[in-house]
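The values are calculated or read from the model by the stated rules, or taken from the named source; none is laboratory data. Given the structure is predicted, the values throughout are model-derived calculations rather than measurements. Here the Cβ is made from the backbone with ideal geometry for all residues, glycine too, and neighbour counts use every protein chain on show.
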Amino acid sequence: MSNETIPDEAPNHPDPAADAQVDAEPALETETEVVAEVVAEGGAETETVLAAAAPAVPELSPAAVAARLAELFPALFTPGQAKPLKLRIQADIQQRAPGLFTKKSLSMFLHRLTMSTPYLMALTKAPSRFDLDGAAAGELAAEHREAATTELARRRGLHEARRAAENAARREAEAQARQAHAAEHDARRERAGLLRAFETSTLTRANFCALKGISETDLEAALGLARVEREQRPPEPLREIRHERHEPRQDRHDRRPPDQRPRGGGPAEQRPDRRPGRPRPPNRPAPR
């Protein structure tokens, strides 16, 4: 008889737990396949449902986008201080601030910003571009700087041409207004003279019309308008008669200050009276 150990043989009676596990594995595989097929068939519907469930990003105006970016990245989007932007800055904004801006909102804002005159001027002066943190992010290409210079020159020419046209139109309007005012003034003066001539004339209406070369209808219309204008004319101010007191003329050769000069008359009043029979002024010897 051999001394080798023989392993125990497996019992012949069935194991219910093992049989249940073996039967469940095909069922699980079948269910997974069915779910995969359903997802594959309704993939588009699933994506639509997920997109609808995600919160919608509101569309902002360019002004609202500018204000929000100034709060998030003040080193780059400083109000009133344009800086050349780093290339593909839109992707950096979406990465640093996800879910805040739509592609349409950012595109509209960046287009308006990069086409503004202050931004173009910054392109011609700044040495480099800048990232969201305000750090230098690459040099400006020469073609970009030249394009900005050309666009600024074009806009400057348009602005000057528009200003010149506006000034010419204003001068033309002022000249026309002056001409109209002068013509109205001449017409008023002519009607006033016609009214004075008619009121002081001894001619009959028919003879007066024949003398002036005007029809009676036109004469009546002109006289009526002249009377209205005479009533509307403001009265002439009365001239005030002023009795001015003529101060005596001072001697222009008197170099003394005004407060030291004699009052009440100039050198003419201080001259001695040399008429015959009048006494000589004192302190003067009589002629011999």
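A compact table of results
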{"item": "Cross-chain or 6+ apart pairs with Cβ under 9 Å, region 141-154 first and closer than 9 Å to Leu120 by Cα, then among the aromatic types (Phe, Trp, Tyr) and part of a helix (DSSP H, G or I)", "result": "Ala148/Tyr119"}
{"item": "Residue within region 180-188 that is acidic (Asp, Glu) and surrounded by 11 or more Cβ atoms within 10 Å (Cβ to Cβ) present", "result": "no"}
{"item": "Among (1) out of contact with any Ser or Thr (no Cβ under 9 Å at 6 or more places or on another chain); (2) within 30 Å of Leu76 (Cβ to Cβ); (3) not assigned by TED's automatic domain parsing to the domain that holds Arg96, the one test that Glu184 misses", "result": "(2)"}
{"item": "Selection count, region 55-72, where residues are outside any helix (DSSP H, G or I) and either at pLDDT 95 or above or surrounded by fewer than 19 Cβ atoms within 10 Å (Cβ to Cβ) (or both)", "result": "6"}
{"item": "Residue that is in contact with a Gly (Cβ under 8 Å, 6 or more places away or on another chain) and loosely packed, with under 15 Cβ neighbours inside 10 Å, where the choices are Ser116, Ser128, Ser201, Ser215", "result": "Ser128"}
{"item": "Tally, over region 92-103, of residues that are surrounded by 11 or more Cβ atoms within 10 Å (Cβ to Cβ) and over 9 Å from Leu60 (Cα atoms)", "result": "6"}
